[in-house]
Amino acid sequence: MSRGLAGKPLLDPLTRLMEVLSAALSDYLGLPRGEVERQITRPPRSEYGDLSFPLLRYQRENWDAAAETVRGRLWEEGIRFAGVEVFRGFLNVRLDGEQLAEEVFRLQAAGWAPKPSPAPEPGVVVVEHTSANPIHPLHMGHARNAALGDSLARLLRGRGHRVNVRFYVDDVGRQSAVAALGFKLAGTTPGELAERMGVKKDWAVGWVYSVTHTAMDAVRLRGSEAVEDKAKLDEALAALARLKEKGPREVFEAILEGVGRLEDPEEAVAGIMRRYEAGLEPEKSLVRGIAEAVLEGFRETLERFGVSFDAWDWESWLVWSGRVARVIEEARRSRYHIIYKGAEALDIPRIIRELVEPDSEVRSRMPLPRGFEIPPLILVRSDGTTLYTTRDIAYSIYKFEATGADSVVNVVGADQRLPQLQVRLALLGLGYRREALNMLHYDYEIVRLPGRRMRSRRGEYVALDEVLDEAKARAAVEVRERNPGASEEFVERVAEAVAVGAVRFALVRPGRAKPITLQLEKVLDFKENSGPYLQYTHARANSILEKHGPIDYLKARPAALAEGDRRELLVEALRFPLVAAKAADDLAPEDLASYLLRLADEFNSWYQKDSVIHELDEGARHAKAALVKLVRDTLAEGLSLLGVEPLEKM
RNA sequence: GGGCCCGUAGCUCAGCCAGGAUAGAGCGCCGGCCUCCUAAGCCGGUGGUCGGGGGUUCAAAUCCCCCCGGGCCCGCCA
């Protein structure tokens, strides 16, 4: 971090203004600093000012006194302003453009670069994300999870928190056992099969899993007389017909016949689960081997996608290490332990009555559905194996213990709301109040295919690998067109970055509560409102700077940026530290995405009518170059926080 | 049956949590702009009963209630 002479971090002018303004207003109004800060916003029109506060919510009169107080405070702090006025109840502060420009020149000369305003109280944050079952390649649903989770991690890091990113490998569940059964029947391994099919290992496993799962469905449904089962059977058979075309015939037949020959396929799966949980061979090596193979594929895809993890946590390890057993022991000693439907369980309704309802802090941080009774949570199956939720309780505790985390963010689909809540309630019941309160379910809506859901079990999904390849192919065409004679290496590198940028941006920009219908043409549209648009704008700004050469801050004339469009662009770029900080605090990468689009729009509009390198006045030219540098560096940092590579040339 | 989420321009979305200043973008469509810093761009035009109704308020897209439409969840699955 660049520091000033006094050893203090160099603060950008808007972060400083925010600090002074919120302090002044919170003193004046007697309100908590945080509340004031939350309400200080960008005014809807730039004529109003640079920052704005809705005074009328707190005072119906005497607005001039508030303005006078703020003026006095800014004065004391040496912040020059062009105006502090109350207009229609809003207190608007407009900074002195010349001083702003001077500040920027000074900061840039000292090596400062835009970044989120530092968090007042940095903490340790765990972000768990993606955590796809290791039985098929990552599809676009997982990609949304990864894009969100990784952006959150980058944002939180940028804000100054210590972030620990974890992937939970769910190898103990039924689905892994199904895949294992498939490979057992097929008599092959993921590596062998992948080579034969000419695909990544995760794809090979995905195919075996879908075939096996669907075959089991078909066998089960065959015996049924119910009308709806007949329809389901037809659907399963159709899915099998499609799957048949995608892999080696003999392997397909071997699985199909194998499943048909089994007396009780469900019991075969359950048996694998039991033996795997117990850590017995050969199931242990079989299931592990499959999961490892898929993870290899995940890593390859994720690396491409710009996503990395600090730790991979194996669910099986939680079982084998005794951590799950410990949770069950703790449950047995707990006053909330009951027998429910003949199985060991936690009395969730009682936990709610005794630990949630009387505790206002818990109530406000763990909103429960009203009028909906959450049933007791079963911890152990009758056959002694554990349930996913039980293991998740152990994992939740582990995430805090292993990292010393202050808070844990779980990026998990919105369809998991109830189980996530159950885990938190269970933690509360077992005495892990701090953990229960500081674990957050960051939920997001699913990615749908036009007209239907993606279904891994039927092999009906659009894999992230395919989308990236398609995007890359399209990008390569454009890159070649725009850069005649460019090396293949350049085309390759830029196309890949554009592809990743397009996909990641498309997945992060819509609010997470919005279901995304995957329309490839939209994801692959590199026009305005896209990742590539931002990369392009960055490249354009970069190109100007290259042509301009080094900026001489002694020559740069601040007054050249003090008014008009240049001033507006300057202020907009300077908002970045505040915007990024708020996006981090709100866990809202989409807010950063919107901001970057607006900044790029303003830059492009300005670019069109005001030339930099053709500016005749030397002082103005260096000043404008500094402005371009500010915009370029801001876009670069913002894009990086979203995991989109800022390209220098494209 | 109950709970949660979503419904804003032809299409995709922002704004809603923390009510206020002329409801914003993009795509599409129509018309312009490359002897001048990257046209993945820019400028202009087109397009909105903020799902419907009621309420609270000086003020509602935003808060509350009811209704309609869509999705998800209510398992000894994950």
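The table below lists the values:
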read-out: Assigned charges on the beta-carbon of Lys, Arg, Asp, Glu; chain A dipole about Cα centre (debye); value: 580
read-out: Full-stretch length increase - residue A:57, residue A:388 - with 0.36 nm per residue and alpha-carbon distance subtracted; value: 114.3 nm
read-out: Overall form of region A:266-323 per C-alpha gyration tensor (a/c, 1.5; a/b vs b/c); value: prolate
read-out: Percentage relative contact order, region A:439-511, counting C-alpha pairs under 8 Å, at least six apart; value: 27
read-out: Residue A:222-residue A:522 pseudo-label distance in nm [points 7 Å out on the Cα-to-Cβ vector]; value: 4.2
read-out: Estimated D of region A:63-132 in µm² per second, where Rh is the Kirkwood radius over Cα pairs and Stokes-Einstein applies at 37 °C, 0.692 mPa s; value: 209
read-out: Relative compactness, region A:214-295, computed as alpha-carbon Rg over 2.2 N^0.38 Å; value: 1.28
read-out: Calculated over region A:440-541: convex hull of Cα atoms, volume per residue (Å³); value: 133
read-out: Region A:166-220: C-alpha gyration tensor shape, a/c 1.5 cut-off, then a/b vs b/c; value: oblate
read-out: Estimated translational D of region A:529-640 in µm²/s (Stokes, Kirkwood radius over Cα pairs; 10 °C; 1.306 mPa s); value: 111
read-out: Pairwise Cα inverse-distance average, inverted: Kirkwood Rh of region A:1-96 (Å); value: 13.7
read-out: Exposed-site-free run, longest, chain A (rule: GluC sites (Glu not before Pro); DSSP loop; at most 16 other C-beta within 10 Å); value: A:374-527
read-out: For residue A:228, net neighbour charge (Lys/Arg +1, Asp/Glu -1) across residues whose Cβ lies under 12 Å away; value: -2
read-out: Length added when fully stretched, residue A:229-residue A:341, from 0.36 nm per residue minus Cα-Cα; value: 37.6 nm
read-out: Whole-number accessible area per residue in Å² for chain A, which is evaluated in the context of all protein chains at 1.4 Å; value: 44
read-out: Chain A, relative contact order [Cα under 8 Å, separation at least 6], %; value: 17
read-out: Amide H within-cut-off set for residue A:167, under 5 Å, with H built and near neighbours excluded; value: A:311, A:312, A:313
read-out: Between region A:278-325 and region A:18-79, the alpha-carbon center distance in angstrom; value: 53
read-out: Surface share of carbon and sulfur [accessible, 1.4 angstrom probe, percent] for region A:71-162; value: 49
read-out: Residue-averaged 222 nm ellipticity for chain A, from DSSP H runs of 4+ at -39500 (n - 2.57), nearest 500; value: -18000 deg cm²/dmol
read-out: Chain lengthening between residue A:611 and residue A:308 when straightened (0.36 nm per residue, less Cα-Cα); value: 105.0 nm
read-out: Accessible carbon and sulfur surface of region A:528-576 relative to its total accessible area, %, 1.4 Å; value: 49
read-out: Convex hull volume per residue in cubic angstrom - Cα atoms of chain A; value: 189
read-out: Distance violations [Cα-Cα > 28 Å] among A:527/A:555; A:555/A:609; A:624/A:649; A:547/A:582; A:514/A:582; A:246/A:399; value: A:527/A:555; A:547/A:582; A:246/A:399
read-out: Euclidean distance between Cα centres, region A:542-604 to region A:99-169, Å; value: 20
read-out: Estimated Rh, region A:467-618: Kirkwood, alpha-carbon pairs, angstrom; value: 17.6
read-out: Cα radius of gyration and Dmax for region A:98-191 (Å); value: 22.2, 75
read-out: Computed over region A:349-508, Cα set: Rg, Dmax in Å; value: 22.8, 73
read-out: Within region A:37-180, percent of DSSP bridges classed antiparallel, to nearest 5; value: 70
read-out: Rounded if a/c under 1.5, otherwise prolate or oblate - region A:193-343, Cα gyration tensor axes; value: oblate
read-out: Alpha-carbon spread of region A:585-630, three principal axes, descending order, Å; value: 45, 20, 9
read-out: Principal axis dimensions, largest first and in whole angstrom, of region A:273-385 by Cα; value: 48, 38, 22
read-out: Amide H within-cut-off set for residue A:344, under 5 Å, with H built and near neighbours excluded; value: A:379, A:380
read-out: Equivalent ellipsoid dimensions for region A:528-568 as semi-axes, Å, which come from the Cα gyration tensor, largest first; value: 25, 16, 5
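The values are calculated or read from the model by the stated rules, or taken from the named source; none is laboratory data. Note that the coordinates shown come from a computational prediction; the quantities given were computed from them, not determined experimentally. As a convention, Cβ positions derive from the backbone with ideal geometry for all residues, glycine included, and neighbour counts pool all protein chains shown. To get the accessible areas, we keep the full protein, side chains included, count just its heavy atoms, and leave off ligands, DNA and RNA. Shrake-Rupley method; radii C 1.70, N 1.55, O 1.52, S 1.80 Å.
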